[in-house]
Amino acid sequence: MAKRGIATGTLLASMFIAFPAVGQSAAASAPVDLSARLKQVESSPQQMEAMLRAGKRVAAFCANCHGDGGNSVKPDVPNLAGQNAYYLLAQLREFSGSQRKTTEFKKRLVNAMSNDEKVGMVVFYAGQAVIVKPAADPALARKGEELYAKACVECHEKDGRGTKQFSRIAGQQTVYLTTTLKGYRDNSGARMDGDMVKNIKPMKDADINALVAYVSSMK
């Protein structure tokens with residue numbers, strides 16, 4: 001336990017030491033439309049290759065919580081692997097402002113990134129494969145599949161991979177999903193969305209458990 005604490009402390013210290021260098025890059029970057037920049041990168045194999053390399057370096061700062069390659073090792077921390085790049089960019093905008101509650105550390109990290117570091121990070125995570133675990137209770141997951149078809153498929157798509165506007169939830173961490181859904185239902189989460197609240201509000205804990213069992217096992 002002591003060794004783990006030392007390792008974590010060393011990693012966090014190295015992150016803060018690295019902030020000035022990253023921040024200098026951000027300060028030197030002119031404001032740009034990040035979605036337009038991402039679209040430009042997607043149309044150029046050379047730029048995409050460079051962005052993936054840069055994104056992998058930036059993602060190292062996030063690995064302590066979100067895992068190597070974006071597959072979280074903590075059930076209450078979301079996977080970023082396989083997430084939609086445009087959706088991730090939107091989340092970075094919210095973290096850098098005041099639209100979404102987050103830790104001061106995460107806000108500082110996002111604000112320290114340059115425009116291209118942000119774009120690089122999202123294309124890196126979007127290209128990573130999600131490690132999906134099979135449902136521990138197949139019967140519960142089948143019940144969740146029925147609930148998903150009624151409450152979730154319109155926005156998150158049949159395969160759970162979402163769109164540019166809506167997150168990929170397929171293969172997401174179970175505790176994170178449960179906490180998020182209950183937050184919408186009970187009006188206690190870090191953010192609110194009218195459609196999510198409307199769809200989740202009628203669900204009991206057993207319904208949410210079934211939904212999570214299905215969604216977390218989707219590939």
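The values are calculated or read from the model by the stated rules, or taken from the named source; none is laboratory data. All figures in this text were calculated on a predicted structure; none of them were measured in a lab. For neighbour counting, all protein chains shown are included, and Cβ atoms are generated from backbone atoms with ideal geometry for every residue, glycine included.
In the range 190-219, which residues are in a helix (DSSP H, G or I) and of a type in the set (S, T, N, Q)?
Once the filter is applied, which keeps residues that are in a helix (DSSP H, G or I) and of a type in the set (S, T, N, Q), the range 190-219 yields Asn199, Asn209, Ser216.
Of the residues making up the range 110-126, at least one is in a helix (DSSP H, G or I) and surrounded by fewer than 16 Cβ atoms within 10 Å (Cβ to Cβ). The helices (runs of 4 or more DSSP H) located wholly in the range 1-72 that include 3 or more residues which are modelled with pLDDT of 50 or more, within 24 Å of Lys164 (Cα to Cα) and not hydrophobic (A, V, I, L, M, F, W, C) occupy 34-42, 45-59. Applying the set (1) touching a Phe, Trp or Tyr at 6+ places or on another chain (Cβ under 9 Å); (2) crowded, with 20+ Cβ neighbours inside 10 Å; (3) of a type outside the set (D, E, K, R) to Gln172 leaves exactly one unmet item: (1). Answer yes if at least one residue in the range 159-168 is surrounded by 20 or more Cβ atoms within 10 Å (Cβ to Cβ) and among the aromatic types (Phe, Trp, Tyr), and no otherwise. Within the range 159-168 (the criterion being surrounded by 20 or more Cβ atoms within 10 Å (Cβ to Cβ) and among the aromatic types (Phe, Trp, Tyr)), the answer is no, since none of the residues qualifies.
Within the bounds of the range 176-187, is there any residue that is part of a loop (DSSP other than H, G, I, E, B) and either at pLDDT below 95 or surrounded by fewer than 19 Cβ atoms within 10 Å (Cβ to Cβ) (or both)? Checked against the condition, which is being part of a loop (DSSP other than H, G, I, E, B) and either at pLDDT below 95 or surrounded by fewer than 19 Cβ atoms within 10 Å (Cβ to Cβ) (or both), the range 176-187 yields at least one hit.
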